[in-house]
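Structure record follows, encoded as structure tokens.
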Amino acid sequence: MELCCPNMSESGGSLCQVKQLPCHSIPLCRMQASGHHMYNLTSITHQPWVNHPALSVSTSPSEAVRHRVTGATAGGCSNLECVASRLGEGAAWGVSSRKVVVTGGGGYFGFRLGKELASQGMSVILLDLNKPPCEIPDGAIFYKSDIRDYSSLYKVCEGVDCIFHTASYGMSGPEQLRKEQVESVNVGGTNNVINVCKERSIPRLVYTSTINVVFTGKPIEDGDEASVSSVPPEMHIDHYSRTKAIAEQMVFSANGSSLKGGGLLRTCVLRPGGIYGPEERRHLHRVMVNVERRLFSFRFGDPQARMNWVHVDNLVLAHTLAAEALTLERNCIASGQPYFINDGVSVNLFEWLTPLFENLGYSRPLINLPVSLVYSAAVLVEYLHTALRPVIKVPLLFTRSEVRNIAVNHTFKIDKARRELGYCPKTYSLVDSVELYLKSQQPRSNSPLLNFSWTCNLSQHLVLLLLLSLVLLMLGCILCQN
């Protein structure tokens, strides 16, 4: 498993964070003040799955779809700085910044971001391999394309002023185990996005990263951008976190690069926690299915462990503010900067999911298992899932990475985003999202076909439970011997 605090004293920050600098002076100074770790990326840019810029581009037009939908979210805020930033939404973009691209625009968050940008009067290109499940809003166009296809990406980005790079692969579940695809999308795709920005003279790039780039299983309490830096890629145990860390450093390295048509590329990175909200399917659906299978009947790890989540609308707000903070009107204050983004509240996962358990008619998990036991089971199930994939689909309850995320306390402050971006998250409740999700589910059927399908799935789950029982037995024997 992928809610405002007092502002920090200016005396506790670097000179670059206090003194207003000319736009061209910000990147190097702020990069050094933020303590970024820069890695050798030479080998990455020469990987076979990275497409490089071509001088001539001749591809067939991408598939475009346009529809109409209404509705935009209104924001509210308590402090004056935040109110001013919201009153100025859209104004700080300037005359030339009316066309933007959202990679991953067919996904849950990418589509919500594109919808909000279109409501602000932007001309939005939603770029994705999969068409959004909802109607495309006025002011937006959907292009079916792959960010790993440089020529197609180059063609789509003509006349664009800003790219919101939200596309990624391998966040959770079985996707995490597909190394080649995770690397080709997260690293190769990001390389293409950066090169297109340079060749198309796109001055702003907002990259959606993840808190995983700084988390390796050790507790973090109220971490911030100055005290918690991204760790070397080799320290990550899953391909998603490793490739997102590599891609994030590529985005930082690209900040301040010269554009083909003149000017400089300004980049910034947002690090959200898990995303939730109405119509979210990745997290809620997976948890709900496992609860109904009785595979979520235990808890593990530090019972006081807490984490941060972010409502989709708060994350959308953070991205629009970040894009504004890369403009000359805002003195490029976000240039080369990372920002942790969440709802401003830390929660315990099992307590936070209580509304889901209760709405499904179950109680919260009461059985406590050792983390080492659950982690060992995750290792085995990951192996079996990969090895037996051609024969049987072994469901993944948790991956190793997810076990660590749940078991270990890791929380982050959003003071920097509030101070520099004017970010002030609204308060939301998971209860509303759960109720909307359950209402959208189709009623159960007692048809023979469904029962047969359920019986087949049950047999697979029994196999998995037998394997898990074997692991528990083996570990029990080892503990007894010791």
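None of the figures in this text is laboratory data; all of them are computed from the coordinates on show. Predicted model, so just to flag it, every value in this text is computed and none were measured. Positions of Cβ are generated from backbone atoms using ideal geometry, with glycine treated the same way; all protein chains shown enter the neighbour counts.
Figures for the structure shown
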read-out: Hull-based mean projected area of segment 302-359, where the convex hull spans the alpha carbons, in square nanometres; value: 5.3 nm²
read-out: Lysines whose Cα lies under 17 Å from that of LYS198, excluding same-chain neighbours fewer than 8 positions away; value: LYS99, LYS155, LYS260
read-out: Neighbourhood charge, 11 Å Cβ-Cβ cut-off, centred on HIS236 and excluding it, Lys, Arg +1 and Asp, Glu -1; value: +2
read-out: Bins of 5 Å from zero: percent of alpha-carbon pairs in segment 119-233; value: 2, 9, 17, 20, 17, 15, 11, 7, 2, 0
read-out: Per-peptide average of other Cβ atoms within 10 Å, ordering 111-122, 421-432, 377-388 highest first; value: 111-122, 421-432, 377-388
read-out: Residues GLU234 and SER440, FRET efficiency given R0 of 35 Å [Cβ-Cβ distance, rounded to 0.05]; value: 0.25
read-out: Distance between segment 201-234 and segment 346-400 - C-alpha centres, whole angstrom; value: 25 Å
read-out: From the C-alpha gyration tensor of segment 250-314, square roots of 5λ in Å; value: 40, 15, 11
read-out: For ASN195, net neighbour charge (Lys/Arg +1, Asp/Glu -1) across residues whose Cβ lies under 13 Å away; value: +2
read-out: Charge sum, other residues only, whose C-beta stays under 12 Å from THR427's C-beta, Lys/Arg counted +1 and Asp/Glu -1; value: -2
read-out: Alpha-carbon centroids, segment 108-147 and segment 271-334: separation in whole Å; value: 20 Å
read-out: Set of lysines near LYS439 by C-alpha distance (under 25 Å), chain-local residues within fewer than 8 positions excluded; value: LYS115, LYS131, LYS426
read-out: Label zone at VAL289, where the point sits 7 Å out along the Cα-to-Cβ direction: segment 127-146 residues whose backbone N lies under 13 Å; value: none
read-out: Contour minus Cα-Cα distance for THR427 and LYS260 (0.36 nm per residue); value: 55.8 nm
read-out: Estimated FRET transfer efficiency when R0 is 35 angstrom, pair LEU369-LYS144 (beta carbons, to 0.05); value: 0.20
read-out: Point-to-point label distance, LEU384-GLN304, nm (Cα→Cβ direction, 7 Å offset); value: 3.5 nm
read-out: Volume in Å³ per residue [convex hull over Cα atoms, computed for segment 181-310]; value: 146 Å³
